[in-house]
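What follows is a short report on a single structure.
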Number of protein chains: 2
Amino acid sequence: MDIGVLGTGTVGRALAGKLAATGAQVVIGTRDPAVLPGREDFADWRATSPAVEVGTFAEAAAAAEIAFNATPGHVSLEVLRMAGADNLEGKILVDVSNPLDFSTGMPPSLFVSNTDSLGERIQAQLPGTRVVKSLNTVNASVMVDPRQLADGDHHVFVSGNDQEAKQVVSDLLRDRFGWRNVIDLGDISTARGAEMLMPMWLRLMGSLGTAMFSWRIVT
Amino acid sequence: MDIGVLGTGTVGRALAGKLAATGAQVVIGTRDPAVLPGREDFADWRATSPAVEVGTFAEAAAAAEIAFNATPGHVSLEVLRMAGADNLEGKILVDVSNPLDFSTGMPPSLFVSNTDSLGERIQAQLPGTRVVKSLNTVNASVMVDPRQLADGDHHVFVSGNDQEAKQVVSDLLRDRFGWRNVIDLGDISTARGAEMLMPMWLRLMGSLGTAMFSWRIVT
């Protein structure tokens, strides 16, 4: 499976590393590959995941069967323009971003919420791409290794307009990351619900004193 | 313990009934007591909880040591004006409301969120009252009988500026309703997080096909 990961921060590295470790061919995309690999912390990470190739956003998107948007929410639409709608046409894009707005102080608010979502904005910008919102409800470590919490007895969510795409992503989450429970929330507008967990996630992190937690829906 | 419950809908009835059943003296407040008890469904409910007295919002607030705001979010500020700031001065007000806006279609959006919350607006309107946001993250049945789901192995949250008030409310939630796990999110501004669960709750209800669920924070 060919994967393109857009974004080289904590989330992008976690996704790219785990996907490569499970046998995927991964290109991690960045604004300027000539500059970024020189950063010491990125070089350290590369040493742990030598199979991951580094390219531009466009190269990562072009190489992918499935792409991941792992960029900060406030630059996601710009990054996806750089990646190129043509390079993502017909493909699945897993949108992991959160629309965090740090301009109003800490904890951050959301720059889009309630009557719209970043997932919907991305889908609107890329009408030929099958956008699936997922994984944005937990931190990077939990995303790719959910079994470290309660042996995986908690939930991740998928939102998207394409049923087959959500099934492919759900299978990937299970087979490569170890998620036991995936809830299909509905079409991409349900990303509003998933993204609006973030303000609660931030308060819970403050109260619990850790970012290592997840959501279990108890019925 | 003297309790005033503002609101005679599903939530108000559930709270008043359970509190009376656990030995509290309860006055349930409504706009016009002379009109409401004539409604057939309210009369049916009264028959199951005959110890609950019916009064105006002001009478319910005046009689209370602890008051509950169980009114729809869009009328909560008006109802609390009718209840009277003097009648709530120095008291604990448990705010159970959600700021649901049905004007934009279904599922509803929120009329305040992200950079403010209804809990904060209520606290601002009643500076002498100790507002504790809680219980708004589950339906009425789960609020007062959490053990019916997974033997109570899930979470409820409290937000408020007064630490003692949050402790009193947490004790009440445990002793009278059966909540096993209460998370203190912080000051009243953390009500933003708790209220912003509602859009996700609505999508989960749609996806799961039931309103009988709750949140467990898995660490």
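Could you work out the longest stretch of chain B that avoids the GluC sites (Glu not before Pro) located in DSSP loops with at most 16 other Cβ atoms within 10 Å?
Details: sites that count: B:Glu65, B:Glu89.
No qualifying site falls inside B:90-219, the longest such stretch.
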### Query
Under the definition of Cα pairs under 8 Å and six or more residues apart, what whole-number percent is the relative contact order of chain A?
18
### Query
In Å², what does the accessible area per residue of chain A work out to with a 1.4 Å probe?
37
### Summary
Here the correct list, in nm and shortest first, of distances from B:Asp101 to the same site in the other copies, label points 7 Å along Cα→Cβ, is 1.3
### Message
If each label sits 7 angstrom from Cα along the C-beta direction, how far apart, in nm, is B:Gly84 from its counterparts in the other copies?
### Response
7.3
## Note on the structure
Residues of the range A:168-206 that bury at least 30 Å² of accessible area, probe 1.4 Å, when all protein chains are present rather than the chain alone, are A:Ile183, A:Leu185, A:Gly193, A:Met196, A:Leu197, A:Pro199, A:Met200, A:Arg203, A:Leu204
### Task
Using only Cα atoms, locate the centre of the range A:114-155 and the centre of the range A:7-80, then give the distance between them in Å, rounded to an integer.
17
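What relative contact order, as a whole-number percentage, does the range B:101-219 give when Cα pairs under 8 Å and 6 or more residues apart are counted?
On the way: 173 pairs, mean separation 39.8, N = 119.
Rounded, it is 33 percent for the range B:101-219.
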### Task
Find, among the chymotrypsin sites (Phe, Trp or Tyr not before Pro) in the range A:79-158, those assigned to loop by DSSP (not H, G, I, E, B) with at most 16 other beta-carbon atoms within 10 angstrom.
A:Phe111
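Leaving out ligands, DNA and RNA, and with a 1.4 Å probe, what % of the accessible surface on the protein assembly as shown is carbon or sulfur?
Working: 8010 of 16360 Å².
In the protein assembly as shown, the share of accessible area belonging to carbon and sulfur is 49 percent.
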## Note on the structure
Largest fluctuation, B:Met205, B:Met196, B:Met143 only, Gaussian network model of chain B with Cα springs under 10 angstrom, belongs to B:Met205
### Message
Tell me the mean residue ellipticity at 222 nm calculated for chain A from its helices only (DSSP H runs of n ≥ 4, each -39500 (n - 2.57), averaged over every residue, nearest 500).
### Response
-10000 deg cm²/dmol
### Message
Run the simple label-point estimate for B:Arg39 and B:Met205 please: 7 Å along Cα→C-beta, distance reported in nm.
### Response
1.7
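Please say if the range B:174-219 is rounded, prolate or oblate, where rounded means a/c under 1.5 for a ≥ b ≥ c the square roots of the C-alpha gyration tensor eigenvalues, and otherwise the choice is prolate for a/b larger than b/c and oblate otherwise? Could you put the intermediate results ahead of the total?
Numbers: a/c = 2.12, a/b = 1.26, b/c = 1.68.
Note, shape of the range B:174-219 comes out oblate.
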#### Entry: A versus B: buried accessible surface, summed, Å² (probe 1.4 Å, to nearest 100)
2900
### Query
For the range A:1-90, what does the equivalent ellipsoid look like in terms of its semi-axes, each the square root of 5 times an eigenvalue of the Cα gyration tensor, given largest first in whole Å?
19, 15, 11
### Message
Under the convention of a label 7 Å out along Cα→Cβ, give the distances in nm from B:Gly55 to the same position in every other copy, shortest first.
### Response
7.3
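The values are calculated or read from the model by the stated rules, or taken from the named source; none is laboratory data. A quick note: this is a predicted structure, and the numbers were derived from the prediction, not measured. Using ideal geometry, Cβ is built from the backbone for each residue, glycine included, and neighbour counts are taken over all protein chains shown. Protein only, heavy atoms only, side chains kept; ligands, DNA and RNA dropped before computing areas. Shrake-Rupley method; radii C 1.70, N 1.55, O 1.52, S 1.80 Å.
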